[in-house]
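S.K.: Here it is, the structure, as structure tokens.
The values are calculated or read from the model by the stated rules, or taken from the named source; none is laboratory data. Predicted model only: the values in this text are computed from it and were never measured. Cβ placement follows ideal geometry from the backbone for every residue including glycine, while neighbour counts extend to all protein chains displayed.
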Amino acid sequence: MTDVVLNNIVKTYNKGEVKAVNDVSFEVNKGELFGLIGADGAGKTSIFRILTTLLLPDSGTACVNGFDVVKDYKAIRKNVGYMPGKFSLYQDLSVEENLNFFATVFNTTIAENYDLVRDIYVQLEPFKNRRAGKLSGGMKQKLALCCALIHRPTVLFLDEPTTGVDVVSRKEFWEMLKGLKQQSITILVSTPYMDEATLCERIALIQNGSIMSIETPDNIIKQFPDTLFAVRANDMGRLLNDLRNNNQIKSCFSFGDFHHITFQNNNEHSRNELIQSLQESNFQDIEMKHITPSIEDCFINLMN
Amino acid sequence: MTNEVVIKTDKLTKRFGDFIATNEVTFEVYKGEIFGFLGANGAGKTTAMKMLCGLSKPSSGNANIAGFDIYKQTESLKKNIGYMSQKFSLYEDLTVIENIQFFGGIYGLSNKKLKGKSNELIETLGLQSEAKKLVASLPLGWKQKLAFSVAVIHEPKIVFLDEPTGGVDPVTRRQFWDLIYQAAARGITIFVTTHYMDEAEYCNRISMMVDGVIKALDTPAMLKQQYSANSMDEVFYELARGAKRKSD
């Protein structure tokens, strides 16, 4: 059973000059937590706006809950919840007024669907009389999620809900999403944070309007074509330069306190040779270990 | 990195009514150092940064930035620092070259010097064919690299970077850090905030702000040791989890 289907969707801007979405096709299953992972400008927001019937594609077709995004836009609007990347609630209405407004627009009441938002809304209740514009970033995000949920949507579209939010609030937000999944709501979420990809059931890696891979996070990691090593030594800046200029090294990117490398020919000989050459270049505390790639390693590999 | 101190604060405090946004913050940053200024949303980072840039007057405490007093010499201070943020960096409706000339002019470069600098900058960034295009038409990654280069066009003593890599793709993010390293090697002090914890590892030292105070300040290696953590992500989580304030 699929809730969201895209077939060869194309969207251009500036009379075709900018190709925002380039022949994108994928499906999201009922009750699935599906992630669109990519940087700013990858086409994530255009895809969301097409699926929520706010933007017409140049070509291709898309369906949500079996309804066509062009012909049946009214039916889709009744059934889906959308949390845009930009805060879009009424700044001059209070927390409670905003929630009440969105419930009324969808012909329902807060009471009717309170069980769905309860866990999130209790955190906002102490501030229910505060104007939305005066809330902190984390609180705005929670209110926006409540407003997107209050009509019990079948599909929830969350466009970069955690951008600019600190690590602690990001962890809390993903916990909330797991809770919603229990309620069998289909969730399509986008994020520029690669580490959040592993929290989704399936992900699409997207760059410059094109999908590079659609898989479970585990399978994307399994498909990494090379053996990956993490290297560190006393002078990380010089080490990065040396590794980049070493013709035995296929790829080299810094990853926090290690550099991640792959070899042109991965074998014991080339590995020993590298360690030896680093020792000859006066590096100290050299450490090299075989590691499992992260989604970010895979993303970088697919980009090249 | 040298032992010359370019940022020195002493019990720097900012109050908004009863609310103490930044509470007696004391620290030093060295010339050529890459200093990571981390903290949860609402910890008081932005308020502190505004004071350090001479844009907001402290309620109490002292600070000396690039040799200038934070109360009396804010105009000289502003000429000797650079600033770049994710939200505002360049004018979208000006071309690449116009942006360079505009910011160079603001930072007080002479026309002659500016001309040389513009050409040099466009060449290093490989933007020759884009020089006369509107900044709005550039991919985000290029914009951010250009914005950084513009922020250091006057070779300031310190450059303040407020989440410079937010939303940028992973390859461009690393290229951006190459620019940071190069600037630091030239002796420019980098004062940077980020939500990417791998980037925290690239800093010489990190400060962690929680509820308006600096709760920890050390090298990434020492912080990890101190909090028995495997990554900066864990250190951050451990420190920020106890935060009482949840505002921006």
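S.K.: If A:LYS15 meets every condition in (1) within 14 Å of chain B (Cβ to nearest Cβ); (2) surrounded by 15 or more Cβ atoms within 10 Å (Cβ to Cβ) apart from one, which number is that one?
M.R.: (2)
S.K.: OK, next. Taking the condition surrounded by fewer than 19 Cβ atoms within 10 Å (Cβ to Cβ), closer than 30 Å to A:SER46 by Cβ and at pLDDT 95 or above, does A:GLU287 pass?
M.R.: no
S.K.: Here's a follow-up. Can A:ASP195 be described as closer than 18 Å to A:MET288 by Cα and in a helix (DSSP H, G or I)?
M.R.: no
S.K.: Is it the case that some residue within segment A:215-222 is assigned to a strand (DSSP E or B), over 20 Å from A:LEU158 (Cβ atoms) and modelled with pLDDT under 95? Walk me through how you get there before you give the answer.
M.R.: Applying the first criterion (assigned to a strand (DSSP E or B)) to segment A:215-222 yields A:215.
Still in the list and also over 20 Å from A:LEU158 (Cβ atoms): A:215.
Subset that is modelled with pLDDT under 95: none.
No, segment A:215-222 contains no residue that is assigned to a strand (DSSP E or B), over 20 Å from A:LEU158 (Cβ atoms) and modelled with pLDDT under 95.
S.K.: Being on the phi > 0 side of the Ramachandran plot and within 12 Å of chain B (Cβ to nearest Cβ) is the filter here; which residues of segment A:124-177 pass it?
M.R.: Selection gives A:GLU160, A:GLY164.
S.K.: Okay, moving on. Inside segment A:1-120, counting only strands (runs of 3 or more DSSP E) that do not spill past its ends, which hold 3 or more residues that are among the polar types (S, T, N, Q)?
M.R.: Values: elements: A:2-13, A:18-29, A:33-37, A:59-64, A:80-83.
Of the strands (runs of 3 or more DSSP E) lying wholly inside segment A:1-120, those with at least 3 residues that are among the polar types (S, T, N, Q) span A:2-13, A:18-29.
S.K.: For B:LEU161, all conditions in the list (1) part of a helix (DSSP H, G or I); (2) within 13 Å of the chain's Cα centre (by Cα) hold save one; what is the number of the exception?
M.R.: (1)
S.K.: What is the residue count in segment B:209-233 for residues that are surrounded by fewer than 16 Cβ atoms within 10 Å (Cβ to Cβ) and facing chain A (nearest Cβ under 10 Å)?
M.R.: Qualifying residue count, segment B:209-233: 2.
S.K.: For A:LYS250, all conditions in the list (1) away from every other protein chain (no Cβ under 14 Å); (2) not in a strand (DSSP E or B) hold save one; what is the number of the exception?
M.R.: All conditions pass for A:LYS250, except number (2).
S.K.: Considering only residues that are assigned to a strand (DSSP E or B) and in contact with a helix residue (DSSP H, G or I) (Cβ under 6 Å, 6 or more places away or on another chain), look in segment B:39-82 and name the one that is surrounded by the fewest Cβ atoms within 10 Å (Cβ to Cβ).
M.R.: Only one residue fits best here, namely B:PHE68.
S.K.: Suppose the filter is over 19 Å from A:VAL18 (Cα atoms) and within 14 Å of chain A (Cβ to nearest Cβ); does B:PRO170 pass it?
M.R.: yes
S.K.: How many residues are over 18 Å from B:ILE180 (Cβ atoms) and either more than 12 Å from chain A (Cβ to nearest Cβ) or not aliphatic (A, V, I, L, M) (or both) when one looks only at segment B:127-153?
M.R.: Looking only at segment B:127-153, we keep the residues that are over 18 Å from B:ILE180 (Cβ atoms), and these are B:127-139.
Right, trim to either more than 12 Å from chain A (Cβ to nearest Cβ) or not aliphatic (A, V, I, L, M) (or both) and you get B:127-133, B:135, B:137, B:139.
Residues in segment B:127-153 being over 18 Å from B:ILE180 (Cβ atoms) and either more than 12 Å from chain A (Cβ to nearest Cβ) or not aliphatic (A, V, I, L, M) (or both): 10 in total.
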